Amino acid sequence: MLRKPLLLAAAAMLAAAGGASARDLTVVSWGGAYQDAQRQVYFEPFRKTGTKMVDESWDGGIGVLRTKVQAGNANWDVVQVEAEELVLGCEEGLFEKMDFSKIGGKDQYLPAGVHDCGVGAIVYDFILAYDGDKLKDGPKSWKDFWDVKKFPGKRGLRQGPKSNLEFALMADGVPPADVYKVLATEAGVDRAFKKLDELRDHLIFWKAGAQPPQLLASGEVVMTSAYNGRISAANEKDKKNFKIGWDGALFTIDSWVILKGTPNKDAAYKFLDFVGRAENQAKLPDFIAYGVTNKKAIDLISAKAMPDLPTNPKNMANAIELDAQFWIDNIDRLTERFNKWAAK
């Protein structure tokens, strides 16, 4: 008489246990207009292939990934990371080694998009942006960004030292090509912070990529550093007249990684294979102005999208690559110094 209820109870327990481990694939990106574009180009079409997935967003930080993986709470599977997070996380064993045979092979991607633990997602720039409706003759360089007499009002900069120290040195007259030579010395770091002192009373810091266009739209700042794609997206979607200064821009590549210990490794590779295909990547610049990493996709990008891309040779003319190795070596100590400086 008791056998059937006991069997049903056991089956229920097994089902519950199975359901707890068999969660949907979770993909994590940067939110805002960029993730809206990814949903249209990648996420929704991928779901239609039959794999269940959810997408979440984050604001970055290797500490977040350390906590998840080391605590055994890696409830994310595929995450988009910045260049130094890719290298540090790989060295610390936070990511799975990337099997490129499952995502089209290494030769499919730009060399800079191939790494032991990751595959390139986008090429983007840190740029100077302002509202063309409010400044008819706006800033053209980081030197102009620092000129509070000619352009009075608040400025927006990303919270943290990365990009800000480079911009400060360029504003102080260092040629873009020499920025990291100067930053490699303590005197160069001191010089950058001294230059930042000039803007101390004129700064608003942002964290999420969606914030700079919001700050410009609200009038809280007259100009800001920003990710180029977020500014172009605001112009396209919200009919803004935001302008981009490409002179002294910093370009870099974000990558996809698979968190160590994921129960969804097969689904993760299916996703990365899908978003790595040329025909899919080529659609992204129509929704947000970021460069792509599949070599064949570059030739498929629409002519309409090309002028606003960071990979456009005209926009690359006086840009420099963000030195990931410099930030890997210095991010902790310079973040501590920056936070103390900002708190004064």
Checklist entry - Residues of the stretch 277-289 being under 14 Å from Glu236 (Cα atoms) and outside any helix (DSSP H, G or I), which ones? => result Phe287, Ile288, Ala289
Checklist outcome for this item: With the first residue restricted to the stretch 66-88 and required to be in a strand (DSSP E or B), and the second required to be aromatic (Phe, Trp, Tyr), Cβ contacts under 7 Å at 6 or more apart or on different chains are Val78/Trp256; Val78/Phe271; Gln80/Trp30; Gln80/Trp256
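In the stretch 301-321, is there at least one residue being in contact with a helix residue (DSSP H, G or I) (Cβ under 9 Å, 6 or more places away or on another chain), farther than 21 Å from Tyr227 by Cβ and either in a loop (DSSP other than H, G, I, E, B) or open to solvent by 20 Å² or more (accessible area, probe 1.4 Å) (or both)?
Step one: filter the stretch 301-321 for residues in contact with a helix residue (DSSP H, G or I) (Cβ under 9 Å, 6 or more places away or on another chain), giving 301-302, 304-312, 314-315, 318-321.
If we keep only those that are farther than 21 Å from Tyr227 by Cβ as well, we get none.
Scanning the stretch 301-321 turns up no residue that is in contact with a helix residue (DSSP H, G or I) (Cβ under 9 Å, 6 or more places away or on another chain), farther than 21 Å from Tyr227 by Cβ and either in a loop (DSSP other than H, G, I, E, B) or open to solvent by 20 Å² or more (accessible area, probe 1.4 Å) (or both).
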Checklist entry - Across the stretch 99-120, what is the total count of residues that are open to solvent by 20 Å² or more (accessible area, probe 1.4 Å) and touching a Cys at 6+ places or on another chain (Cβ under 9 Å)? => result 2
Item to check | Scope the stretch 231-241; condition out of contact with any strand residue (DSSP E or B) (no Cβ under 7 Å at 6 or more places or on another chain) and buried (at least 20 other Cβ atoms within 10 Å of the Cβ); matching residues | outcome: Ser232, Ala233
Item to check | Segments classed as helices (runs of 4 or more DSSP H), wholly inside the stretch 180-276, with at least 2 members that are at pLDDT 95 or above and over 30 Å from Ala297 (Cβ atoms) | outcome: 186-197, 211-218
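Any residue at all in the stretch 37-46 that's open to solvent by 60 Å² or more (accessible area, probe 1.4 Å), more than 26 Å from Phe274 (Cα to Cα) and either part of a helix (DSSP H, G or I) or at pLDDT below 95 (or both)? Full working, then the answer.
So the first thing to find is which residues in the stretch 37-46 are open to solvent by 60 Å² or more (accessible area, probe 1.4 Å), and the list is 39-40, 44.
From what's left, more than 26 Å from Phe274 (Cα to Cα): none.
No, the conditions are met nowhere in the stretch 37-46.
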Checklist entry - Can you name every residue in the stretch 242-290 that is open to solvent by less than 20 Å² (accessible area, probe 1.4 Å) and within 21 Å of Lys314 (Cβ to Cβ)? => result Phe242, Gly245, Gly248, Ala249, Leu250, Thr252, Ala282, Leu284, Pro285, Ile288, Ala289, Tyr290
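Quick check on the stretch 2-22. Is at least one of its residues touching a Ser or Thr at 6+ places or on another chain (Cβ under 7 Å), outside any helix (DSSP H, G or I) and either under 24 Å from Ala233 (Cα atoms) or at pLDDT below 90 (or both)? Step through it out loud before you land on a result.
Of the residues in the stretch 2-22, the ones touching a Ser or Thr at 6+ places or on another chain (Cβ under 7 Å) are none.
No, the stretch 2-22 contains no residue that is touching a Ser or Thr at 6+ places or on another chain (Cβ under 7 Å), outside any helix (DSSP H, G or I) and either under 24 Å from Ala233 (Cα atoms) or at pLDDT below 90 (or both).
For Asn228, indicate whether it is free of Cβ contacts under 8 Å to residues at least 40 places away in the same chain and either crowded, with 19+ Cβ neighbours inside 10 Å or out of contact with any helix residue (DSSP H, G or I) (no Cβ under 8 Å at 6 or more places or on another chain) (or both).
Working: free of Cβ contacts under 8 Å to residues at least 40 places away in the same chain: no; either crowded, with 19+ Cβ neighbours inside 10 Å or out of contact with any helix residue (DSSP H, G or I) (no Cβ under 8 Å at 6 or more places or on another chain) (or both): yes.
Considered against the rule, which asks whether it is free of Cβ contacts under 8 Å to residues at least 40 places away in the same chain and either crowded, with 19+ Cβ neighbours inside 10 Å or out of contact with any helix residue (DSSP H, G or I) (no Cβ under 8 Å at 6 or more places or on another chain) (or both), Asn228 comes out as no.
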Item to check | The one condition in (1) among the β-branched types (Val, Ile, Thr); (2) surrounded by fewer than 20 Cβ atoms within 10 Å (Cβ to Cβ); (3) within 16 Å of Trp256 (Cβ to Cβ) that Val148 fails to fulfil | outcome: (3)
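Out of Pro175, Pro161, Pro139, I need the residue that is open to solvent by 20 Å² or more (accessible area, probe 1.4 Å), on the phi < 0 side of the Ramachandran plot, at pLDDT 95 or above and not polar (S, T, N, Q). Which one? So that I can check it myself, show each step before the final result.
Working: Pro161 fails: open to solvent by 20 Å² or more (accessible area, probe 1.4 Å); Pro139 fails: open to solvent by 20 Å² or more (accessible area, probe 1.4 Å).
Testing whether each residue is open to solvent by 20 Å² or more (accessible area, probe 1.4 Å), on the phi < 0 side of the Ramachandran plot, at pLDDT 95 or above and not polar (S, T, N, Q) leaves just Pro175.
The values are calculated or read from the model by the stated rules, or taken from the named source; none is laboratory data. Every value quoted in this text rests on a predicted model; they were computed, and no experiment measured them. Backbone-built Cβ (ideal geometry, glycine too); neighbour counts: all protein chains shown. Just so you know, the surface numbers come from the protein's heavy atoms only, side chains and all, with ligands and any DNA or RNA stripped out. Shrake-Rupley method; radii C 1.70, N 1.55, O 1.52, S 1.80 Å.
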